[in-house]
Amino acid sequence: MLNVDYIIVGLGLAGLSFAEQLIKANQSLIAFENHSQTSSLVAGGVYNPVILKRYTPVWNAKSQLEVAMPFYQSLEERFRVTLDNKFSTRKVFKSIEDQNNWYLASDHPKLTDFMNPQTINEQVKGIRGDFGFGEVYQTGRIDTHLLVSLYRQHLKNNKTIRSEEFKHSHIKLDQNGVLYKDIRAKKIVFCEGYGIKSNPYFNDLPLNGTKGETITIKAPELKINFLLKSTLFVLPIKNDLYKVGATFNWTDTTPTPTESGRLELVEKLDKVIDVPYEIVDHNAGIRPTVKDRRPLVGIHPKYSQLAVLNGLGTRGVMIAPTVAKQLFEHLEYKKPLDQEIDILRCKKKDFQKRLHS
Ligand SMILES: Cc1cc2nc3c(=O)[nH]c(=O)nc-3n(C[C@H](O)[C@H](O)[C@H](O)COP(=O)(O)OP(=O)(O)OC[C@H]3O[C@@H](n4cnc5c(N)ncnc54)[C@H](O)[C@@H]3O)c2cc1C
């Protein structure tokens, strides 16, 4: 019999963020990963504290960045790689009105640290548009594919991950914790992303899932070192490669790339850049999105041995380290969860009303 403190189901951004909490606290773990979901592997990995559609601050952006930046830095040191590629983001203005909205928003106390109040009125070779750009600071890209791959390998080297499907029907609960096949643990934390739909303990949570597709292009004439944001993002990677995305599809629940997704991206991209490019890759995944745009974190109302860490939505990079820390402190030290992320909110009447509005 293998005795561990925690079983983690799912090793994407949520799972590895929770694993880090355990490692820091000298708690033991075993993770399960069946490669059924791809969200953390295909993510753009962008962190950006400003919602560029409305020029409003991202929920708790400042405090999330304060936890996330040292978190990724410590992983860079452990794995001796660069995960955090820092660059500014430039929003392409559509009109004079758009520029004016930028000036107004940059004065907002929660945005002054992040938005350059001066607009950039230059033409950049390869980018269409006559109204210039607005610049956001403290943005960048975490290479989530590299991070998740290295983390899984790290657990594999320590024999603390099993590459197999976790089968919920094998769980046995008792007063000492949980028994799963040959493993005894205090608790299980489910970090399954959209895979939560097959989890009989938590599949009643209002996670809807939004499929996203990206393409990677090679565009040697597009020499930009910032993230370009228009109707889509164009994200510099290296050697003339750019990741372009993403689509939003609320009905298709397969994590595979589609021809219609590719066409949608190409059509939009052709309105944003005017240099030749070649598509070299195409990916898809399901974002674990929630109607009220808040994570789903907490303990099962009936079985205190079971907990969930999910609903990271479109911003897993910024949110995951913070919510993993909150869940760990809740489980170990009974520190109350922020009500906005606690799954208990989903039972409340006002949430139900919003859900059906
Ligand atoms: C196209 C696209 C672009 C995105 N861009 C960004 C971005 O730029 N910035 C950003 O912050 N976020 C972005 N996101 C969102 C981000 O990817 C998610 O918020 C985040 O990755 C979710 O992490 P997760 O660990 O909760 O879920 P997942 O990454 O889905 O991980 C869940 C894991 O659980 C495993 N699993 C599920 N069920 C089982 C089971 N029964 N047994 C074993 N294993 C199981 C799955 O295989 C999977 O590996 C993007 C997403 C997509 C799809």
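The values are calculated or read from the model by the stated rules, or taken from the named source; none is laboratory data. Given the structure is predicted, the values throughout are model-derived calculations rather than measurements. Using ideal geometry, Cβ is built from the backbone for each residue, glycine included, and neighbour counts are taken over all protein chains shown. For accessibility, only protein heavy atoms count, side chains too; no ligands or nucleic acids. Shrake-Rupley method; radii C 1.70, N 1.55, O 1.52, S 1.80 Å.
Odds and ends about this structure:
- If you take all other residues with their beta carbon under 12 Å from the beta carbon of Arg262, and give Lys and Arg +1 and Asp and Glu -1, the sum is -4.
- Rounded to whole Hz, the Karplus (6.51, -1.76, 1.60) HN-Hα couplings of the range 338-347, x for glycine and proline: 4, 4, 5, 9, 5, 4, 4, 4, 5, 7
- Percent of beta bridges antiparallel (DSSP, the chain, rounded to nearest 5): 70
- With Cα atoms as the point set, the range 210-287 shows a radius of gyration and Dmax of 12.1, 36 Å.
- Overall form of the chain per C-alpha gyration tensor (a/c, 1.5; a/b vs b/c): prolate
- Most mobile of Leu13, Leu327, Leu344 in a GNM of the chain (Cα contacts under 10 Å): Leu344
- 9 Å beta-carbon shell around Phe248, net charge (K/R +1, D/E -1): +2
- Average accessible area per residue (Å²) across the range 210-287 - probe 1.4 Å, nucleic acids and ligands excluded: 47
- In the chain, helices alone account for a calculated mean residue ellipticity at 222 nm of -8500 deg cm²/dmol, with every DSSP H run of four or more residues adding -39,500 (n - 2.57).
- Averaged over residues, the count of other Cβ atoms within 10 Å places the peptides 97-110, 241-254, 284-297 in the sequence 284-297, 241-254, 97-110, highest first.
- Distance from the C-alpha centroid of the range 234-309 to that of the range 103-178: 12 Å, rounded to the whole angstrom.
- Projecting the Cα atoms of Leu205, Tyr137, Leu75 onto the dipole axis of the chain, where Lys and Arg carry +1 and Asp and Glu carry -1 at the beta carbon, places Leu205 farthest toward the positive end.
- Under the simplified labelling scheme, the Asp292-Lys110 pair shows an inter-label distance of 1.6 nm, with each label point 7 Å from Cα along Cα→Cβ.
- Annotation: lysines with alpha-carbon distance below 27 angstrom to Lys187 (same-chain offsets under eight excluded): Lys24, Lys156, Lys159, Lys167, Lys172, Lys197, Lys302, Lys325, Lys334, Lys335, Lys347, Lys348.
- Dipole magnitude for the chain: about 940 debye, using +1 per Lys or Arg Cβ and -1 per Asp or Glu Cβ, origin at the Cα centre.
- What the Cβ-Cβ distance of Glu340 and Glu164 gives, at R0 = 41 Å and to the nearest 0.05, is a FRET efficiency of 0.75.
- Amide H to amide H, with H built 1.01 Å from N, Thr89 comes under 5 Å of Val136, Thr139, Leu227, counting only residues 5 or more places away or on other chains.
- Dipole of the range 210-287, positive direction: furthest Cα of Ser260, Ile215, Phe233, with charges on the beta-carbon: Phe233
- Among the trypsin sites (Lys or Arg not before Pro) found in the range 144-223, those both in a DSSP coil and sparsely packed, with 14 or fewer other Cβ atoms within 10 Å of their Cβ, are Lys159, Lys167, Lys181, Lys223.
- Degrees between helix 259-272 axis and first principal axis of the chain (Cα, 0 to 90, nearest 10): 40
- Taking Ile319, Ile299, Ile120 in turn, the Gaussian network model of the chain (Cα-Cα springs below 10 Å) assigns the largest fluctuation to Ile120.
- Separation in nanometres of the label points that stand 7 Å from Cα toward Cβ, at Val266 and Ile96: 3.8
- Fraction of accessible area attributable to carbon and sulfur, the chain (%, probe 1.4 Å): 50
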